[in-house]
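For reference, the structure discussed in these notes is given below.
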Amino acid sequence: MGTIYRCGSRGALGGVRRPHLHPVPSVADRLNAERHELAGAACTQADPEMFFDGTPGAVDMAKQICGSCPVRARCLRLALERGEAFGIFGGLTAEERRDVQRKGVPAA
Ligand code: SF4
């Protein structure tokens, strides 16, 4: 299912440097796995790479799409449950999701 990327490799995550080897499901894998759970998601018509790009412009655009998403809360909850380490889910970056988990703020 997933692809193993080496530290610093470029791929589905658009050149994000990773500190160690780990499996990273492709964007297509993620979308296929979640399609039935997140029907109506606002990002279905967007470029999925935008959600993993990490550049400020891409992050802003992805968050704007999430802001109008009818399944945002469910998306965020699923990402928190899975411990998604990369990408924007539920309108939050990975760092923002870690903050939510650290602070125990309920995912709205
Ligand atoms: S909250 Fe964002 S990433 Fe999640 S399904 Fe909606 S648009 Fe896609």
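The values are calculated or read from the model by the stated rules, or taken from the named source; none is laboratory data. Everything quoted here is computed from the prediction, not taken from an experiment. Cβ atoms come from the backbone with ideal geometry, glycine included; neighbour counts cover every protein chain shown.
Residues in segment 69-83 that are within 10 Å of the ligand (Cβ to nearest atom), over 16 Å from Asp47 (Cβ atoms) and not in a helix (DSSP H, G or I): Pro70, Val71. Quick check on my filter: what residues within segment 44-62 are of a type outside the set (Phe, Trp, Tyr) and near the ligand (Cβ under 8 Å from one of its atoms)? Scanning segment 44-62 gives Thr44, Ala46, Ala62. Against the criterion of being part of a helix (DSSP H, G or I), modelled with pLDDT of 65 or more and either under 14 Å from the mean Cα position of the chain (by Cα) or of a type in the set (Lys, Arg) (or both), Leu38 does not qualify. Pairs meeting the criteria (first residue in segment 90-104 and in a helix (DSSP H, G or I), second residue away from the ligand (no atom under 16 Å from the Cβ), beta carbons under 9 Å, at least 6 apart or on different chains) are Asp99/Val105; Val100/Pro106.
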